[in-house]
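Accompanying notes for the structure given below.
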């Protein structure tokens, strides 16, 4: 209660007690006097408690503010230190590849990142590594669409073969559906080697770090992307269901019925991810003028760098790793790739030829986990 409320209540109680005494009601007046004492004690207790709470409240706010500032400073300091270390390691990385002397700060960052004062197998700086993977995705449509798993370990994945029994069906009310029985095999993704070697003469090493970085990124990305795209289509070829390997009905031509039949073979796909992969020549030689049974063009061109058109509603993407006169239609997310060793760079100097060889190296492996997730349609070459 406030002091005004306390004083008003106390005065009222004392007035009542005095009146009781005047009326000869001593016991009642005495009891009321005891209530006044209790009121005094209660008010004092409230004042003390309020003062303690205010003091604690002030300390708590101050402490919380201080702790928040300390944690914020710690986070900012750690973040700044990591950013500075990453930037220094990037400088050290490219200076090392170019055979240039490192500053003491760069040496410390180099040892902090690699664990060794002189390492020939170097992890690529995070920023540069992300840019290389971005370039890998741009080089081939299929390398962007596959699902990459950066586990950095050997993993085993199930490959679905078939549903033997218990597929979804209608049942009578109160009746139980049969338990689903799936057939699976497993594939161990321990990795295969992917590499790109680049030879640079001693004279060319005089280029700036910026020019060297751009050149190295592009060369590594192109080499690994080409090898990866070839490997993806080889994996699809080896894992695809036999019934999904198709040829056109007639020699040297492709019809609406051929393409519709290929689409009809797909099972276990995410519809929004179904894509057609083919070379530019195949698209324009066979698809560009193709009509359905009512005379409508089934290929709809699209002025987009990533998607060149649509075929029966599915995006069409150019990929030079596809064999000539062939279409792959399917869901590339059903081809997971396990990255066991992320891209790194190794170097070797040949003092006889005055050439430095750089090797961009990665270890990864993929699998087609649903054999019916792709259909392959090739133009028949002979009757």
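Brief remarks on what is shown
- Residue in segment 242-259 that is touching a strand residue (DSSP E or B) at 6+ places or on another chain (Cβ under 7 Å) and at positive phi present: yes
- Condition broken by residue 285, with the remaining ones in (1) part of a loop (DSSP other than H, G, I, E, B); (2) surrounded by 14 or more Cβ atoms within 10 Å (Cβ to Cβ) satisfied: (1)
- Here residue 276 meets the list (1) in contact with a strand residue (DSSP E or B) (Cβ under 6 Å, 6 or more places away or on another chain); (2) farther than 16 Å from residue 375 by Cα almost entirely, failing just condition (2).
- Conditions (1) within 28 Å of residue 213 (Cβ to Cβ); (2) assigned to a helix (DSSP H, G or I); (3) at pLDDT below 90; number of the one not met by residue 62: (1)
- Qualifying residue in segment 77-98 (condition: modelled with pLDDT of 75 or more and assigned to a loop (DSSP other than H, G, I, E, B)): yes
- Enumerated strands (runs of 3 or more DSSP E) restricted to segment 127-207, each holding at least 3 residues that are modelled with pLDDT of 90 or more and not assigned by TED's automatic domain parsing to the domain that holds residue 94: 147-149, 192-201
The values are calculated or read from the model by the stated rules, or taken from the named source; none is laboratory data. Note that this is a predicted model, so its numbers are computed, not measured. A quick note on method: Cβ atoms are made from the backbone with ideal geometry, for glycine too, and the neighbour counts reach across all protein chains shown.
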